[in-house]
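Trainee: Below you will find the structure I want to go over with you.
The values are calculated or read from the model by the stated rules, or taken from the named source; none is laboratory data. Computed from a predicted structure; not experimentally measured. When we count neighbours, we look across all protein chains shown, and the Cβ atoms used for this are built from the backbone with ideal geometry, even at glycine.
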Amino acid sequence: MDTILHLAGYRFTRLTGLQELKSDLLGFCRERELCGTILLSEEGVNFYVAGKPTAGEALLGKLRSIPGLDGLTARRSLCANRPYEHMRVKIKREIIAFGIDGVDPAMRTSPKLSPRELKEWLDEGRDVTLLDTRNNYEIHSGTFKGAVPADIDHFREFPEAVRKLPGDWKARPIVMFCTGGIRCEKAGPFMEQEGFQNVFQLDGGILGYFAECGTAHYQGECFVFDQRIGLNAALAGTGSILCPRCQMPVTVAEQSRTGYTPGASCPHCRSNANAEQRSG
């Protein structure tokens, strides 16, 4: 079986000629049998694609040739199977939906904290708050020990969640994190607009941390938005699946529990059904 290379990355920069770029990139990718998605916007590019290593590296070179994307980096991992069914190139208003005016990561982001720096802080037991900016169903798969969830179901809900945080958080050191870093590029500047004075973002997100520091101070796996569902510290699929009924991630351990019926339901469905019966 041929090795499949997965590439993921983003860059906030000013892009023009989006329709021409879309057509060019789509033809380039399909010609090389790549699969995945490239999101184009006037604010930049966000991509997650997979295919033969030579094809993936060729795409990265193609992207770097676009004005504003020179030096573009990508996170690499190997897959046993194709994680996407099709190749899509889409033009969007934002490469990560947020909906807040005045937040421009191409101009400014919050200070970045490297994975090794965060590990050192946690090893030392520093008084720092870890804020998980991901959605609740993602956090179910795993997160940093002691991290505070934003308690949202969609990233567009993050601004309102920030406004509900305790007032005394505005002076304390906060390290926010997400899967690969892109959400924090917008979340950090927004928090600063709201008066938070000591905000950092984990550079490269959880997956960047896995690559450099393994699972130190982390519990579980990392949810990803493709057919792999969950990744471990080696950035390999864990065997987790999505429940076809409730769409929650189901780990290998949960697949052996009472309440899991392959292709029909999972323990989360049963738990939610019991809760509804009690409330009814």
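Trainee: State all residues of region 68-96 that are loosely packed, with under 13 Cβ neighbours inside 10 Å and in contact (Cβ under 8 Å) with a residue 40 or more places away in the chain; if no residue qualifies, say none.
Mentor: Matches in region 68-96: Thr73, Ala80, Asn81, Glu85, His86, Arg93.
Trainee: Being more than 30 Å from Thr238 (Cα to Cα) and either basic (Lys, Arg) or out of contact with any helix residue (DSSP H, G or I) (no Cβ under 8 Å at 6 or more places or on another chain) (or both), is that true of even one residue in region 191-212?
Mentor: There is at least one residue in region 191-212 that is more than 30 Å from Thr238 (Cα to Cα) and either basic (Lys, Arg) or out of contact with any helix residue (DSSP H, G or I) (no Cβ under 8 Å at 6 or more places or on another chain) (or both).
Trainee: Let me ask something else about it. Take the residues of region 4-28 that are among the small types (Gly, Ala, Ser) and loosely packed, with under 15 Cβ neighbours inside 10 Å: which is farthest from Leu235 (Cα to Cα)?
Mentor: Step by step, filter region 4-28, then rank; the result is Gly17.
Trainee: Can you tell me which of (1) buried (at least 17 other Cβ atoms within 10 Å of the Cβ); (2) over 21 Å from the mean Cα position of the chain (by Cα); (3) in contact (Cβ under 8 Å) with a residue 60 or more places away in the chain is the one Arg32 doesn't meet?
Mentor: Here Arg32 clears every test but (3).
Trainee: Considering each residue of region 216-271, count those that are surrounded by fewer than 20 Cβ atoms within 10 Å (Cβ to Cβ), in contact with a strand residue (DSSP E or B) (Cβ under 9 Å, 6 or more places away or on another chain) and of a type in the set (Asp, Glu), and give that number.
Mentor: The qualifying residues number 1.
Trainee: Among the helices (runs of 4 or more DSSP H) contained in region 180-280, which hold 1 or more residues that are modelled with pLDDT of 90 or more and closer than 25 Å to Tyr48 by Cβ?
Mentor: 182-193, 205-213
Trainee: Evaluate region 74-93: report whether one residue or more is outside the structural domain of Cys178 (by TED's automatic domain parsing), touching a Lys or Arg at 6+ places or on another chain (Cβ under 9 Å), assigned to a loop (DSSP other than H, G, I, E, B) and over 24 Å from Ala234 (Cα atoms).
Mentor: no
Trainee: Collect the residues in region 94-130 that are among the hydroxyl-bearing types (Ser, Thr, Tyr) and in a loop (DSSP other than H, G, I, E, B), keeping them in residue-number order.
Mentor: Result: Thr109, Ser110, Ser114.
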